[in-house]
Amino acid sequence: MTPRISLTRYLVEKQRVDDRIPSDLRLLLEVVARACKGISHAVNKGALGDVLGSAGTDNVQGEVQKKLDIIANEVLIEANEWGGHLAAMASEEMEGIYVVPNRYPKGEYLLLFDPLDGSSNIDVNVSIGTIFSVLKKPEGGHGVSEQDFLQAGSRQVAAGYCLYGPQTTLVLTVGDGVAMFTLDREQGSFVLTAEDVKIPEDTREFAINMSNMRHWDAPVRRYIDECLAGKDGPRGSDFNMRWIASMVTDVHRILTRGGIFLYPWDKREPGKPGKLRLLYEANPMGWLVEQAGGTATNGRQRILDIEPGKLHERVSVILGSRNEVERVTGYHAS
């Protein structure tokens, strides 16, 4: 019988056998995983835990916070602040960075997260998730500042997400492929269930919010029109649309069976380059997709090459199966 590989064993082997990660990063990822188990427990309780509905407050983005948004944010901070692996954290739910308090030892890593992606789906019991990214604090200087977080996605040392659905699934990369772990609730541990995940280069599925069609730029409109034309159109093939309104869930589907996800710039807010956050969503998801053989761009350049100018910077996102993403990106170029 093949032995089951736990997340801890997987990370230990990445450190000791493959020499891919240092011990502090391994321990940090284990703490993040434990925090995700706590969030999963809160999500699963739902109405029984009085965690559904609005918290009656807005986050820094001007979006109404759900109770679970706040709970997930607090769980991640409390789990990670005392371990000695981090210098600071940044969250989609907080205006500024959270520096590890002086009463705790400080490490050399920076943790960024969207504590609960897909908040609009919480109350209707649709899959949601936590997205995280790990950077190394730049050398030199004293203390830590917001500027330390403004690094291109290509400099990430780890990234992943935890999906809270029918199963709780942790998806992780440390730069040598993508692995998936499923939470065994009886044992209380994440177990490796897929390794070296690969996204098919071609697909017949696209994910986009069709209600925004009238606001799209011409290249995106052209691409979707061609997909909708089906066998009689220029693509000569029928496409299916899938849209869950939760990036973490849509990306998980793409990692599992292929597809393309688009959240493009639109004309309603022409001054904003996009809707999704570069540091908390686009960078970690873009790196996961690339590590699985896919592609991630903003329509004009590789997501991971974008140099962020501010903590909550937004970006247009097109990611997934390589050939489809390259087609849309080519339409922008032409």
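The values are calculated or read from the model by the stated rules, or taken from the named source; none is laboratory data. Every value quoted in this text rests on a predicted model; they were computed, and no experiment measured them. Glycine gets a Cβ as well: all are built from the backbone with ideal geometry, and neighbour counts include every protein chain shown.
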Please tell me if D176 is over 30 Å from E269 (Cβ atoms), surrounded by fewer than 13 Cβ atoms within 10 Å (Cβ to Cβ) and not assigned by TED's automatic domain parsing to the domain that holds S321. yes
Step by step: first the residues of the stretch 319-334, then only those that are without any contact (Cβ under 8 Å) to a residue 60 or more places away in the chain and either crowded, with 17+ Cβ neighbours inside 10 Å or acidic (D, E) (or both), then the one that is farthest from I97 (Cα to Cα). Which residue is that? E326
Counting just the residues of the stretch 233-268 that are more than 14 Å from the chain's Cα centre (by Cα) and small (G, A, S), which one comes out surrounded by the fewest Cβ atoms within 10 Å (Cβ to Cβ)? G236
Which numbered condition trips up E186, out of (1) in the same structural domain as M94 (by TED's automatic domain parsing); (2) modelled with pLDDT of 95 or more? (2)
Checking the condition under 18 Å from M247 (Cα atoms), β-branched (V, I, T) and surrounded by 24 or more Cβ atoms within 10 Å (Cβ to Cβ), which residue from I131, I122 passes? I131
Quick check on my filter: what residues within the stretch 145-156 are of a type outside the set (D, E, K, R), within 15 Å of Q291 (Cβ to Cβ) and surrounded by fewer than 19 Cβ atoms within 10 Å (Cβ to Cβ)? S154
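If a residue must be farther than 12 Å from L163 by Cβ and at pLDDT 95 or above, how many such residues does the stretch 244-264 contain? Before you say what the answer is, go through the steps one by one.
As a first pass, look at the stretch 244-264 and keep what is farther than 12 Å from L163 by Cβ: 245, 254, 257-264.
Retained after the next criterion (residues that are at pLDDT 95 or above): 254, 257-264.
Within the stretch 244-264, residues that are farther than 12 Å from L163 by Cβ and at pLDDT 95 or above number 9.
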Only one of these is out of contact with any Lys or Arg (no Cβ under 8 Å at 6 or more places or on another chain) and surrounded by 19 or more Cβ atoms within 10 Å (Cβ to Cβ): D114, D69. Name it. D69
From the residues in the stretch 183-200 that are among the small types (G, A, S) and in contact with a strand residue (DSSP E or B) (Cβ under 8 Å, 6 or more places away or on another chain), which one is farthest from K14 (Cα to Cα)? S189
